[in-house]
Amino acid sequence: MIDDFKIPPFLRQIIIIAVIFIAIIGMKFTAPILSLILLSMFIAIIIYPFLMWLKRRGISYNLSVSITLAGIALLGVAIVSFLVVTLAQLVKAIPTLTINSSGFLAQYGNQIIEFLVAHIPETNAGGLIADGIFIVFAVIFLVYELPQIKLRLEKGLGADNPTLNKTYGLMGAFVEYFVIRAKVNFFYGIGVSAVLVLFDINFALLWGLLTFFLGFIPYIGIIIAAIPAVLVAWAKYGIQGAIIMALFFIIINTIAESVIFPKLTGKGLQMSVYVVFVSLFVWGWILGPIGFFIGVPMTLVIIKYLENFEETRWMALLMGSDAEDDPKENKS
């Protein structure tokens, strides 16, 4: 009798939804450490293909690891040094970033500047340094261990295990997403810095670098990155300069998101715009600021996972995009 017992389909759906909510609650409570672990895992996975590229060139694995980590360390030091020097100059220049106008919009612009300055996380520098050290060492150890982890999984599950192969596919899709996203963001950063230098906007390189990093947040990242540049243009050239700068960011964001990114990916994000937008805030709520950066790839991973089971495939279809459907099938 017990062997013949089967859980009714509707009850299976309820159990699945309940498990999802329990998992979300668990991630919310463990967010301070979970977000750092997930971020370090993602960084390690992104770095790993470059490491393997060095190895295929005949360089030993240990030397490849050393070159990869040294390169990342040098890049990190260069970025941090640039930020320290530039932010110090920005702090000195803040008193001059005042919108001198009698218009009613000017007071709101000055209030935004005061709000941004007041919320610079200077008091939490120690925590940021501690989190950075954890991420650096976690990435170092994980990058070095990834080949051994792969061998252990293949030994335990078998090299032809379907679940393992699907996991490799998910990792490949994740790396591809971030590589393409980095290319698009590079276009963002270079374009923004060039135009800001052309218009003699202060701290053009800083706003370009900010645009590059915030570009990993689809749709709203560039809007957030535009705020400082628009305010600086407002303070220097008046409301007309702010409008022109805002239009520039809208144009470059539209070109990058609607033309360049879909062309590079072939099928875009394969998620509905609504799901992309909501996922940013859901993962931001669960994991904090890091959730905004890894929210989209996390959602992509979940969609691919849900597609593997009959009970959850409907969820994956709801979150997916019709853009990936085959036109030939729609005609039949």
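The values are calculated or read from the model by the stated rules, or taken from the named source; none is laboratory data. Since the structure is predicted, the reported quantities are computational estimates derived from the model, not experimental observations. With ideal geometry, Cβ positions are generated from the backbone for all residues, glycine too; neighbour counts draw on all protein chains shown.
If you check 106, 23, 88, 73 for being at pLDDT 80 or above and either within 22 Å of the chain's Cα centre (by Cα) or outside any loop (DSSP other than H, G, I, E, B) (or both), only one passes: 23.
Here the helices (runs of 4 or more DSSP H) wholly within segment 218-315 that include at least 2 residues being surrounded by 15 or more Cβ atoms within 10 Å (Cβ to Cβ) and among the aliphatic types (A, V, I, L, M) are 221-237, 239-255, 273-287, 289-306. Just one of the numbered conditions (1) surrounded by 13 or more Cβ atoms within 10 Å (Cβ to Cβ); (2) not in a helix (DSSP H, G or I) is not true of residue 200: (1).
What is the residue count in segment 24-77 for residues that are among the charged types (D, E, K, R) and within 24 Å of residue 291 (Cα to Cα)? Total satisfying the criteria: 1. Residue 212 fulfils the conditions (1) at pLDDT below 85; (2) out of contact with any Pro (no Cβ under 6 Å at 6 or more places or on another chain) except for a single criterion, (1). Among the criteria (1) loosely packed, with under 14 Cβ neighbours inside 10 Å; (2) free of Cβ contacts under 8 Å to residues at least 24 places away in the same chain, the one residue 193 does not fulfil is (1).
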